[in-house]
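The values are calculated or read from the model by the stated rules, or taken from the named source; none is laboratory data. Model, not experiment: these values are computed from the prediction. Here Cβ is always computed from backbone atoms with ideal geometry, including for glycine, and neighbour counts include all displayed protein chains. Accessible surface is based on the protein model in full, side chains and every heavy atom, while ligands, DNA and RNA are left aside. Shrake-Rupley method; radii C 1.70, N 1.55, O 1.52, S 1.80 Å.
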Amino acid sequence: DIQMTQSPSSLSASVGDRVTITCRTSQTIRNYLNWYQQKPGKAPKVLIYGASNLQSGVPSRFSGSGSGTDFTLTISSLQPEDFATYYCQQVYSTPIFTFGPGTKVDIK
Amino acid sequence: EVQLVESGGGLVQPGGSLRLSCAASGFTFNSYWLNWVRQAPGKGLEWLATIKEDVSEKNYVDSVKGRFTISRDNAKKSLYLQMNSLRAEDTAVYYCARTGSGYPYYFDYWGQGTLVTVSS
């Protein structure tokens, strides 16, 4: 099974900050990595698919990079609506999927 | 507009059973894989099961194999999750999610979730 870790598990940041979240997998998954945002009481929403592809309608301040086992989600300038929990998801072992443990971004 | 609406959650005793439903609209239902994902209170997302468009393939996470069964009725545009031998640790919000047609795959639409509470 592919194991996933995210770091940090939580972070505090201010509006306008550049935020970087890392996801690591226990084996190579090429670029089969997605990022989701979830706000309290809401369903998750996909931000990035295939490691670096921005989902339609998602602001360009979100970007993804990485390949193999190390991936990064970057928010270039944090906005008030970006305070949420972020999850990575591997789809390399499709149709078996795995989510990372999540990174909570809150207000400093 | 694509919509997924879950129902069937509620309070059930340990060892009991529950069947969740997910009603779909706004897309060609029989052209997409579908999934169940859950989230225990204060915890992260856990993918549970997926089913192919034509029902020919189903896959489960190890923690629910043999207890949960995913199914679908393409004529009714509905997805189901039959949950048996429920445990306290199955308490969670259960979401249905569609696997998009893009590649690599990702879950492009989600329902609002239905809460299942397993408690005596």
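Express the relative contact order of the range A:19-108 as a whole percentage, based on alpha carbon pairs under 8 Å and six or more residues apart in sequence. Could the numbers behind the result be given before it?
Numbers: 189 pairs, mean separation 28.7, N = 90.
It comes to 32 percent, rounded to a whole number.
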Where a label projected 7 Å from the Cα of B:Q3 along Cα→Cβ would reach, residues of the range B:22-52 with amide N under 12 Å = B:23-27
Within the accessible area of chain B, what % is carbon and sulfur when the probe is 1.4 Å and the other protein chains stay in place?
-> 46
Stretchable slack from B:T28 to B:S71, in nm (0.36 nm times residue separation minus alpha-carbon distance) | 13.8 nm
Excluding B:D108 itself, what net charge comes from residues whose Cβ is under 12 Å from its Cβ, given Lys and Arg +1 and Asp and Glu -1?
-> +2
May I ask for the accessible area buried between chains A and B, both sides summed, probe 1.4 Å, to the nearest 100 Å²?
-> 1800
Among A:S56, A:F99, A:Q3 - extreme Cα towards positive end, dipole of chain A, charges at beta-carbon | A:S56
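What accessible area per residue, rounded to a whole number of Å², is obtained for chain A using a probe radius of 1.4 Å?
45
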Number of Lys pairs in the protein assembly as shown closer than 20 Å at Cα, excluding neighbours under 8 places apart unless interchain, is 13
Roughly what % antiparallel, to the nearest 5, for the DSSP beta bridges in the protein assembly as shown?
-> 90
